[in-house]
Amino acid sequence: MNYLPIFVDLKQRPVLVVGGGHIAERKIAALLKAEAKVQVVAHTLNRTLQQWVSQQRLEWLAQEFDPQQVRSVYLVIAATNDNELNQQVFWAAENAQRLVNVVDDQPHCSYIFPSIIDRSPIQVAISSGGTAPVLARLLREKLEALLPQNLGAMAQISGRWREKVKVRLTQLTQRRRFWEKLFNHPTFQRLTENQQFSQAEQLLQRQLNQDYPIIGEVALVGAGPGDAGLLTLKGLQTIQQADVVLYDALVSEQVLELVRRDADKVFVGKRAGKHSVAQQDTNQLLLDYARQGKRVVRLKGGDPFVFGRGGEELEVLKAHKIPFSVVPGITAALGATAYAGIPLTHRDYAQTAMFITGHCQPDGNKLRWETLAQGNQTLVVYMGTIKAAELSRQLQAHGRSADTPVAVISNGTLAEQTVQTGQLHQLAVLAEQAPKPALIVIGEVVALQPHLAWFGEAAQQFVLTEPQLFQSNNELQSFEAFQPSQPLKKIA
Ligand code: SAH
């Protein structure tokens with residue numbers, strides 16, 4: 001983090017501005033909005049600034065800058081067109097340990113002004129840390145359109161009622177539920193939009209009279225295979241409202257970044273073969289947190305119901321009468337194959353796709369090799385790398401051809417994604433080499449992978465096929481896009 005975002009209360013606090021032109025005026029206007037006591041140092045003031053001085057909205061301190069002037073202020077702004085003077089101001093402030101901003105000169109700023117979306121008292125500040133002001137502005141425009149105008153009114157009403165609500169609802173959890181319910185209430189939203197504030201407050205009063213029992217709840221949320229963009233909207237909303245998030249080893253850093261900042265993040269990762277104890281501990285944690293009235297999210301890689309033991313955890317919650325909900329996620333078989341360029345089904349090559357796991361309960365159901373070994377179908381194997389040799393042997397023994405195309409996708413959908421392809425008889429070697437987590441895909445559709453790869457390194461080929469690039473770069477004229485190196489074998 002290059003800059004710490006903070007909101008500063010400048011009411012009645014002195015701020016020094018050096019410069020009297022229109023750039024200084026812009027900064028002073030913002031400072032006056034924040035009710036700062038602005039002191040200006042400049043030879044001449046422009047017309048607006050002169051007016052503000054005569055209205056006593058700001059103080060014209062002196063004509064010459066003197067380093068002593070920075071000593072009695074909280075912030076300093078240098079906004080002259082004299083580079084040397086700006087530098088002097090900068091060093092005077094630095095020496096006196098005052099925060100200083102030399103306008104449009106980022107190396108000489110110890111603080112910077114963000115782009116602002118103002119729905120006072122709600123304010124959104126955006127900054128690119130000086131790297132891409134245009135991008136920050138575009139983002140501001142987008143957010144500006146997204147944020148309803150009644151936000152400010154809702155916050156104002158909330159400010160007026162905060163203390164009363166605290167007296168009536170003594171628990172933090174109760175209050176949070178109350179406010180969330182109110183802010184999402186369509187009538188409350190409409191009344192504030194239409195500026196019918198007294199009716200909005202009557203509605204608030206009615207809502208406040210209701211009961212807000214303290215019971216926790218658990219949401220089982222699928223985090224998807226890695227790329228945070230694959231998290232569902234509902235998943236995002238849910239992790240943004242969580243008090244505590246219990247997450248697995250498979251949940252990516254990117255997704256964890258999206259969890260509400262104040263939520264407790266608890267790692268409950270586990271490895272194949274060491275399930276039972278850890279699972280009991282996880283179950284107990286879920287119950288404990290829920291009984292404390294918390295909003296618990298159980299965040300699992302991919303989809304919670306696909307080889308994720310989600311069902312088992314819900315059974316425990318059900319038995320203890322804890323309310324729960326489930327937010328599905330994109331399972332690895334869908335995410336990793338999509339990003340690798342392997343369509344799971346294809347009219348010419350596979351009419352069936354099966355998801356199986358290489359890691360079964362020791363005494364559990366045996367895999368039906370005759371069914372799995374049939375042609376015209378795609379097998380996706382979760383947790384399959386350790387058993388890859390047996391998988392390959394059994395499938396061949398039951399009739400699957402040794403040259404059936406296979407792929408091992410590691411870290412699917414993440415920047416580190418790798419895809420290794422080969423034939424069924426090579427599967428054990430491919431699987432052993434592959435970084436983990438890795439997903440095995442077996443079937444004729446895998447032959448399409450070299451031609452349909454689009455993500456990561458493979459994506460660069462696409463850039464070259466864009467017509468404008470062909471026109472502007474002669475060297476690329478001989479480029480042949482996506483000619484299959486070998487003709488694909490169609491399955492009759
Ligand atoms: N519930 C998860 C699967 C959990 S089982 C889901 O729906 O995706 C764990 C296995 O999933 C791993 O051993 C691996 O085979 C596969 N897997 C999960 N994420 C993966 C990823 N990003 N890339 C490749 N394989 C992945």
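The values are calculated or read from the model by the stated rules, or taken from the named source; none is laboratory data. Quick caveat, the model's predicted, so the values are computed rather than measured. Here the Cβ positions follow ideal geometry from the backbone for every residue, glycine too, while neighbour counts run over all protein chains shown.
Could you check segment 92-125 and list, in sequence order, the residues that are in contact (Cβ under 8 Å) with a residue 12 or more places away in the chain and part of a helix (DSSP H, G or I)?
A92, A93, E94, N95, Q106, H108
Report yes if G302 is buried (at least 21 other Cβ atoms within 10 Å of the Cβ) and under 28 Å from L379 (Cβ atoms), otherwise no.
Yes; evaluated as a whole, the condition is true for this residue.
I'm told D66 meets every condition in (1) closer than 25 Å to P121 by Cβ; (2) surrounded by fewer than 13 Cβ atoms within 10 Å (Cβ to Cβ) except one. Can you identify the failing condition by its number?
(1)
Across segment 286-330, what is the total count of residues that are closer than 20 Å to L231 by Cβ and away from the ligand (no atom under 16 Å from the Cβ)?
4
Report every pair of residues separated by at least 6 positions or lying on different chains whose Cβ atoms are under 9 Å apart, first residue within segment 295-323 and over 23 Å from L256 (Cα atoms) and in the same structural domain as V259 (by TED's automatic domain parsing), second within 16 Å of the ligand (Cβ to nearest atom) and not in a strand (DSSP E or B).
Within 9 Å, the pairs are E312/Q279.
If a residue has to be surrounded by fewer than 19 Cβ atoms within 10 Å (Cβ to Cβ) and assigned to a strand (DSSP E or B) to count, how many in segment 1-38 make the cut?
2
Of the residues Q63, Q69, Q97, which single one is at pLDDT below 95 and of a type outside the set (A, V, I, L, M, F, W, C)?
Matching residue, one of Q63, Q69, Q97: Q63.
Restricting to segment 69-97, name every residue that is more than 12 Å from P14 (Cα to Cα), among the aliphatic types (A, V, I, L, M) and crowded, with 21+ Cβ neighbours inside 10 Å.
A78, A79, V89, A92, A93
Collect the residues in segment 1-23 that are touching a helix residue (DSSP H, G or I) at 6+ places or on another chain (Cβ under 7 Å) and among the aliphatic types (A, V, I, L, M), keeping them in residue-number order.
Matches in segment 1-23: L10, V15, L16, V17, V18.
Condition first: outside any helix (DSSP H, G or I) and touching a residue at least 24 places away in the same chain (Cβ under 8 Å). Now tell me which residues in segment 193-209 satisfy that.
Q195
Being in contact with a strand residue (DSSP E or B) (Cβ under 7 Å, 6 or more places away or on another chain) and at pLDDT 95 or above, is that true of even one residue in segment 355-365?
Checked segment 355-365: at least one residue is in contact with a strand residue (DSSP E or B) (Cβ under 7 Å, 6 or more places away or on another chain) and at pLDDT 95 or above.
So A42 ticks every box in (1) more than 45 Å from the chain's Cα centre (by Cα); (2) under 13 Å from V15 (Cα atoms); (3) buried (at least 20 other Cβ atoms within 10 Å of the Cβ) but one. Which box is left unticked?
The failed condition is (2).
Can you give me the number of residues within segment 211-242 that are closer than 24 Å to R190 by Cα, touching a residue at least 24 places away in the same chain (Cβ under 8 Å) and in a loop (DSSP other than H, G, I, E, B)?
Count: 2.
Taking the criterion of being within 16 Å of the ligand (Cβ to nearest atom) and under 13 Å from the mean Cα position of the chain (by Cα), would at least one residue in segment 237-247 satisfy it?
No, there is no match, as no residue in segment 237-247 is within 16 Å of the ligand (Cβ to nearest atom) and under 13 Å from the mean Cα position of the chain (by Cα).
Exactly one condition in (1) under 17 Å from the mean Cα position of the chain (by Cα); (2) over 12 Å from G329 (Cβ atoms); (3) β-branched (V, I, T) is not met by T187; state its number.
For T187, the exception is condition (1).
So if I check each of L246, L203, which one is outside the structural domain of V306 (by TED's automatic domain parsing) and surrounded by 16 or more Cβ atoms within 10 Å (Cβ to Cβ)?
L203
Taking N150 and the conditions (1) more than 30 Å from A333 (Cβ to Cβ); (2) surrounded by fewer than 12 Cβ atoms within 10 Å (Cβ to Cβ), which numbered condition does it fall short on, given that it satisfies the others?
Of everything listed in (1) more than 30 Å from A333 (Cβ to Cβ); (2) surrounded by fewer than 12 Cβ atoms within 10 Å (Cβ to Cβ), N150 misses just condition (2).
Rundown of residues vs (1) within 33 Å of the chain's Cα centre (by Cα); (2) surrounded by fewer than 17 Cβ atoms within 10 Å (Cβ to Cβ), yes/no style:
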{"position": "P323", "(1), (2)": "yes, yes"}
{"position": "T337", "(1), (2)": "yes, no"}
{"position": "L344", "(1), (2)": "yes, no"}
{"position": "D348", "(1), (2)": "no, yes"}
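Out of the residues in segment 249-274 that are touching a helix residue (DSSP H, G or I) at 6+ places or on another chain (Cβ under 6 Å) and modelled with pLDDT under 95, state the one that is surrounded by the most Cβ atoms within 10 Å (Cβ to Cβ).
This residue is V268.
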